[in-house]
Structures are given as C-alpha cells and as structure tokens.
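No lab work stands behind these numbers, since they all come straight from the coordinates. Computed from a predicted structure; not experimentally measured. So basically every Cβ, Gly included, is an ideal-geometry build from the backbone, and we count neighbours across all protein chains shown.
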Amino acid sequence: MFLNRWMKYLVCSVILGSFFLANSSAYAASTVFVNGEYQHNSLTIEGRTWVPIRALSDKEWLVYAYDPKTRIASVHNKGNSITVQLRVGDKTATVNGKKVQLEAEVVNKNGLTYVPLRFITETFGAHIEFNAKDDRVIVRTPTGQAQYETLMRGDLTEARRIAFELARVNGEAPALQFGEGYHHYYYTFPEGEALRFTVSASGYSEHYYEVNDEGLAIHKWQKDNVANREWGKEPEFKSYVYFLDEFMAGLFTYGIVDSQGNDTELGKFYYSEFKDTVIPIKGEKRTVIRP
C-alpha cells in the first residue's frame, strides 16, 4: 500500500508531469480542482462549469445517490437540512421541495451525473473561487478546507503530507525525456517549511514546486538530466530536510542537510516497518514563510 500510494503521485506527477497539466489556456473549459485534485472530466455547458457529482464526495458534507430508473440524483447535507434533487434532462432542480432554475439541462455522460458547480457549492456552502487570470476554478469541501488550513498554517508534518499529494500544475515545462531503471525518489523541503519542495526522479529529472494561495503546487523549475536541458529558476535552500524513497530496495531514509552541506541521517526504515510518507523531524518548528 505504501509503495502504491507513492507511485501513484510520484510517477504520474513527476515522470508524466510535463504533459499531464498543460498551461490552462490550452483547455476549452476552465480547469477545475476539488480539494486540490484536478478534475479531468469537468464540462462547460452553456458557459457554466459542471462536474460529476462524485467529485464533490465528502462524508462531512454531502451524501448523494442516483436512481437509474427515475434518472434522479438526490443530494443532501450531513444534517439533512438541505436536500436537492436533479433529474437528468431537466433544467430545474428541487431544493427542499421548491423548484430552482438551472443554467442548462442535467446530463449523464459515461455513467456519471454532472451537476452545475456554482449551484451545488453555493447551495450547500462550500468554498469556491474563480481565477480568471489562469482560467481555474478552485473548490474546497469542508474536509478540503480543513486540510487547506493545515497545509497553509498548521502542523508542519501534516502540512508536508498534504503537500505531497497535491495536484502539480506543470504549466509550460517542456516534456521530459525518460531514463531507464527508475528506482528511487528524493524529496526535500526547506527546514521549517511545507509550501516549497523539490523532487528528484532517480536523478533523471529534478523539479521544484511552490504551493500558491489556492493550495496548488505550481511548477517553478525543472532540470531534465537525460535531455541535458533546464527550465525555470533553480531554488536555493540554506538548510533542508529530505525523504529518500528507494522503492526498488523497499527502503525509506530521512535526514537533514545543514547550511554547510553536512548530511545528518535521522532514520532508515524498511517498508515492512514503515507505513508513512513523512517523518516528523525532532526539534523542527514551522516557519511562516510564503514562497
């Protein structure tokens, strides 16, 4: 489980990262992120953004069900104070028994029921923001908002765990040339920080990300050691902590490198003994430093 989780985020985000999320202007529809996760199957209908209802799943917020016979999707909040029903093909929704006009018909595509994003989030009170400059929509459910608060200003170790799993917006970074025999990944964070980090994919490529105010990891620098080319500006960390995942050997190591370049290994674990992605660094305190 530990290896599979790391591989999901590392391989998809790092090796394929250069073309997973292109510059948002390349998309006909706005790019949508729900709780920091990119929604690749969002739609634009009548100029509005629609997402599969399952993208908004949050046990602390919404409960939903779909009846294929009546083609009705039912959604209610945790306290059952708000109930919404949407029928596929209708341009109205029922909110607590009252009809409400929608911008377009409710659709079912590839077995997924799509709901109007603004309508659902405003009806049930989720966080939503529209970034016109980058043509991006950011949504956070209550659970996602709590994670966002932790990421931005909460416990350092928990913030780093969340940062590891963020969608990575790679923008205009050129596509990578692949190496052979990927066997480890190496992460670093500046000492005391969670909103900046680097990733090395077996030394074949190196990447630097900064977490922005939207809670997304924005690609700032890439070095392709296979193609021998560099993009962006390489960061400078005075001192940093590192997490080394040698997944082919089933070994995880962590430590700290001080401002003089001295490497102090703090721990080493085999997967059979270790189930986490980030280790607390004894004595390390979080600093309030924005990228």
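Subtracting the Cα-Cα distance of residue 37 and residue 118 from 0.36 nm times their residue separation leaves 27.4 nm of extension gain. Charges were assigned to the Cβ only: +1 to each Lys and Arg, -1 to each Asp and Glu. The resulting dipole of the chain about its Cα centre is roughly 1120 debye.
Remark: spin-label model distance residue 98-residue 143 equals 3.0 nm, labels positioned 7 Å along the Cα→Cβ axis.
Under 1.5 on a/c is rounded, so check that first for the stretch 30-124, then, if it is not, pick prolate when a/b is larger than b/c and oblate when it is not; a ≥ b ≥ c are the square roots of the alpha carbon gyration tensor eigenvalues. Judged from the Cα gyration tensor, the stretch 30-124 comes out rounded (a/c under 1.5). Per residue of the chain, what 222 nm ellipticity follows from adding -39500 (n - 2.57) for every DSSP H run with n ≥ 4, rounded to the nearest 500? Estimated from H runs of four or more residues: -4000 deg cm²/dmol. Once you sort the root eigenvalues of the Cα gyration tensor of the stretch 164-223 as a ≥ b ≥ c, which label holds: rounded (a/c under 1.5), prolate (a/b larger than b/c) or oblate (the other case)? Taking the square roots of the gyration eigenvalues as a ≥ b ≥ c, the stretch 164-223 is oblate. Between residue 271 and residue 155, full extension at 0.36 nm per residue minus the direct alpha carbon distance yields a gain of 39.3 nm.
Of the trypsin sites (Lys or Arg not before Pro) found in the stretch 214-269, those in coil by DSSP whose Cβ has at most 15 other Cβ atoms within 10 Å are 233, 238. Please check the chain for the longest run free of GluC sites (Glu not before Pro) that are loop-located per DSSP (anything but H, G, I, E, B) and have at most 13 other Cβ atoms within 10 Å. Maximal segment without exposed cleavage sites: 61-171. Using DSSP to define loop residues, name the chymotrypsin sites (Phe, Trp or Tyr not before Pro) in the stretch 146-236 whose beta-carbon has at most 15 other beta-carbon atoms within 10 Å. For chymotrypsin sites (Phe, Trp or Tyr not before Pro) across the stretch 146-236 that sit outside H, G, I, E and B with at most 15 neighbouring Cβ atoms in 10 Å, the list reads 178.
The distance between label points at residue 285 and residue 71 comes to 6.2 nm (points 7 Å beyond Cα on the Cα→Cβ vector).
Note on residue 91/residue 165: beta-carbon distance plugged into 1/(1 + (r/R0)^6) with R0 of 41 Å gives a FRET efficiency of 0.65. Close amide-amide hydrogen proximity is noted between residue 83 and 96, each under 5 Å apart and 5 or more residues distant or on a separate chain (H modeled in the peptide plane; Pro and chain starts excluded).
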